[in-house]
Amino acid sequence: MGRRARPKQDLDTELADLPPELRWREWMGRVEAVIFASPGPVTRETLARVVGRDCNLDLLIDDIRDELRGRPYELVSVAGGWQHRTRKNFAEAIRAAIGAAGDDKALSQAEALILACIAYYQPINRSELSSFFGKEVSRDTIGRLRGLEFIAAGPRSPQPGAPYTYVTTKAFLSHFGLQTLRDLPDMDMLEDAGLLSKDKMLAGEFPVLSSDEGDDVEADLDEDDDVA
């Protein structure tokens, strides 16, 4: 008869046998290690699994950030969690060393504007998006944004045919350094100030572009139509 495997030992999160200072340092090390090893933002719930019940995660994160001052990377709060990010002032050095590798998520101007419309007016369907520009937004453009995981299918629209709507994702928040959608510039304030109007945009007027930029966007959308 074979030997029974030992049950897996649970991680000691309380560390009651350690003095307070060493306990805090161990918690800091655990939290930073988990964030460092994760490919995406790590939530509070996940980090709570490796520290004691009385650990204040906000204070712990502050201490980790203090220790990272002067380092080429930092700990940022994005998409409902925390993630290590290279500091922006080192971007040029990184490009000089390894080129533009990893820049597969760069957006054309048209794609960026379509994504902005989705971010502000979600859930929104493709027909409504097309009305913003007075041109059809191609399925290829939507597919590109979905492929980048910046948008996902939302609830069905109440319009005839019940088309799918689109909404932004956590990957969108993470990529653009946003904690929540509330971190977007306040659209209501822009509308109240008369700088932007959803009704005008739906009528085909998009006031945020200069004439040259408008020509560039129209060219991008024309290219989308050619491959749609």
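Read-outs throughout are calculated quantities, based only on the coordinates presented, and are distinct from any laboratory measurement. Note that the structure is a prediction, hence the values are computed from the model and not measured. Here the Cβ is made from the backbone with ideal geometry for all residues, glycine too, and neighbour counts use every protein chain on show.
In table form, for the structure just shown:
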{"read-out": "Efficiency of FRET between Leu107 and Arg25 - r from beta-carbon atoms, R0 41 angstrom, step 0.05", "value": "0.45"}
{"read-out": "Trypsin sites (Lys or Arg not before Pro) restricted to the range 150-190 and DSSP loop, no more than 16 other C-beta within 10 Å", "value": "none"}
{"read-out": "All-pairs Cα distance distribution in the range 10-70, expressed in whole percent, bin size 5 Å", "value": "4, 17, 32, 26, 15, 5, 1, 0"}
{"read-out": "5 angstrom amide H check on Tyr164, placed H, neighbours 5+ away", "value": "Ser157"}
{"read-out": "Over the range 54-186, volume per residue of the alpha carbon convex hull, in Å³", "value": "153 Å³"}
